[in-house]
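Q: Okay, here's the structure, questions in a sec.
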Amino acid sequence: MKRIALILIIVASLICVTNYAYAQSTNNGKTLCWINFGFGSNFNQHNIMGDIGGSFSCQWQKYIVTTRFYKTQGGIWGPPPSITEFAVLFGMAKKTKWWLASGAGGLAYVSGVDDDNHNISTIGFPIESQLFVTPLSFFGLGVCLFGDLNTRMINYGALFCLQLGQLR
């Protein structure tokens, strides 16, 4: 039940962010690109796990394209799953002088070992929401909320990230 509630919250936040970004875009046709590196936690049915990840994003007008990688290793309770995800996402973004917000969804390849020590290799449907404070034109700090819906295991989590690139 908690998992369904969290997924609904993530989807609702993505819808809100993308609707707001669609109505308020001020990018003036300039293409902005940046990379994120971060660490955080990933949750699934039985475990809370450590997570590292990164992404490369480009925004033009109100649209954003992101390629994402994350690696999850170990669990606090139960057997230690190990999951790797590569994803391509498309969505909407809003960039102002001081902050960036985006929401996106797409396709992912998920592989690794699940909670029951079975090898997995599947296609998933990733979602992601980014919220960053960008005090400098090349630097930002923020959070990436993410999830992956697939047939083998549902994962969701948060990364605290450093953002580098052309942000203004």
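Every number in this text was worked out from the coordinates using simple rules, so none of it is lab data. These figures come from a predicted structure and were not determined experimentally. Because the Cβ atoms are built from the backbone with ideal geometry, glycine has one as well, and the counts that use them run over all protein chains shown.
Q: What order, most packed first, do the peptides 33-44, 142-153 have when packing is the mean number of other Cβ atoms within 10 Å of each residue?
A: The densest-packed peptide leads the list: 142-153, 33-44.
Q: In the range 48-129, which trypsin sites (Lys or Arg not before Pro) fall in coil by DSSP and have 10 or fewer other Cβ atoms within 10 Å?
A: Within the range 48-129, the qualifying trypsin sites (Lys or Arg not before Pro) (loop, at most 10 other Cβ atoms within 10 Å) are LYS97.
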